[in-house]
Amino acid sequence: MTEMKIGRYLALFVFLMGLLITFGDRGLVDSYMMQKRLAALQKENQEIIRENSQLKHTIALLKDDLSYIEMVARNDLGMVKDGDMVYQFAR
């Protein structure tokens, strides 16, 4: 009879430990969620690094490349050069 009680307690202990390992703090489920979050953060970090690189390139062009500055002034700011003909259409 006592062997059955010990077996039940042992089975209950193993079951509870399994639950703790699976669902407890830093358990398998938590580890899986952290791995997914890490992958998402690494992807976001790579996108930010790429965007930073593009911005650095744009800054370098704006500092040094007069033709790029002119293109930005014309396209983005609507500026015109002396001697350019400007056509305005009524809407």
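Only the coordinates and a few stated rules stand behind these numbers; no lab work does. All values reported here derive from a predicted model rather than from experimental measurement. Note that each Cβ is placed from the backbone with ideal geometry, even for glycine, and that neighbours are counted across all protein chains shown.
Between 0 and 90 degrees, the angle of helix 28-64 with respect to the longest Cα principal axis of the chain falls at about 10 degrees.
Once both axes come from the Cα atoms, what is the angle between helix 66-75 and the longest principal axis of the chain, in degrees from 0 to 90, rounded to 10? Here the helix axis deviates by roughly 90 degrees. Considering only Phe13, Leu77, Leu38, whose Cα is most displaced toward the positive end of the charge dipole of the chain, charges sitting on Cβ of Lys, Arg (+1) and Asp, Glu (-1)? Sorting the options by dipole projection puts first Phe13. May I ask you to derive the FRET efficiency for Tyr32 and Thr2 from their Cβ-Cβ distance with R0 = 35 Å, giving the value to the nearest 0.05? The value I calculate is 0.30. Taking every DSSP helix (H) stretch of at least 4 residues in the chain, weighting each as -39,500 (n - 2.57) and dividing the sum by the residue count yields a mean residue ellipticity at 222 nm of -26500 deg cm²/dmol.
Along its principal axes, segment 2-75 has C-alpha extents of 91, 18, 11 angstrom, given from the largest down. Of the residues Phe23, Tyr87, Leu55, the one whose Cα sits farthest toward the positive end of the charge dipole of the chain, with +1 on the Cβ of Lys and Arg and -1 on the Cβ of Asp and Glu, is Phe23. Between Glu44 and Met85, the distance separating the two model label sites (each 7 Å from Cα on the Cα→Cβ line) works out to 5.4 nm. Rounded to the nearest 10 degrees, the inclination of helix 2-23 to the longest alpha-carbon principal axis of the chain is 0 degrees.
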